[in-house]
Amino acid sequence: MKKKQHRPALSPTCFRKLKTVDPELGKVTGQFWATVWGTERVLPPRYKYLIAFGMAMAAGRDRQATREMIKAYGAGATLDELRETFMLIPWNFGVSYFCSEVSTGTPMRAFEIIVELEETGMAREEIVGQLKTRLKSQIGFEGE
C-alpha cells in the first residue's frame, strides 16, 4: 500500500541551515523528516501535529508550539481539537503555569486569531495565511 504524501502548512526552514553546516547532515535530517512527517502513516497529520503541539508546549518551546498548532490547523484540526489540546496543559502542568506562561504566549495568540477569523467565516487556507503574516516574526516564517 502506497503511503499518502503530506505537505505541511509550514515547512521546516531549518533544513537549509543544516545543509549549510553540513550537506550530509541536511540530507539525513531531510530523510528523517520525510519518514516522520512527509507521508501519512497510521496517525492522520492533524493528530501528529496536535501531539507535537502539546509536546512543544510542555517543553516551553513557544515558537515550535505555535508552528505545530498552525500546521495542525492547516491539516484540518478543528477548534474543538485545539481547545482540547490546550486543556491538557493546565491539567498536566497546573492552572498557574497556564495563566502565567501559556495564556500570554504566541500559541494562545494564534488560537485567538483562529477563533476570531473563523467567526467571520474566513476559509481555513486564508486563516493559515493570516497566521503566517501576523505571527511572522514569532514563528520564524520566511515565506515558504
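Every number here is computed from the coordinates shown, using simple stated rules; none is lab data. Fair warning: this is a prediction, and the values are worked out from it, not measured in the lab. Methodologically, a virtual Cβ is constructed for each residue, glycine included, from the backbone with ideal geometry; neighbour enumeration extends over all protein chains shown.
Assorted remarks:
- The slack in the chain from ARG16 to ALA123, taken as 0.36 nm per residue of separation less the alpha-carbon distance, amounts to 35.5 nm.
- Region 10-144 - percent relative contact order, Cα under 8 Å, separation 6 or more: 24
- Charge dipole of the chain (Cα centre as origin; +1 on each Lys and Arg Cβ, -1 on each Asp and Glu Cβ, all else neutral): 700 debye, rounded to the nearest 20.
- Dipole of the chain [Lys/Arg +1, Asp/Glu -1 at C-beta], most positive-end residue of ILE127, ILE51, LEU25: LEU25
- Under 24 Å, Cα to Cα: Lys pairs in the chain, sequence gap 8 or more or different chains: 23
- Protection proxy ranking of 104-110, 131-137 - average other beta-carbon atoms within 10 Å, highest first: 104-110, 131-137
- Net length gained if the chain between THR29 and ASP80 were fully extended (0.36 nm per residue, minus Cα distance): 15.1 nm
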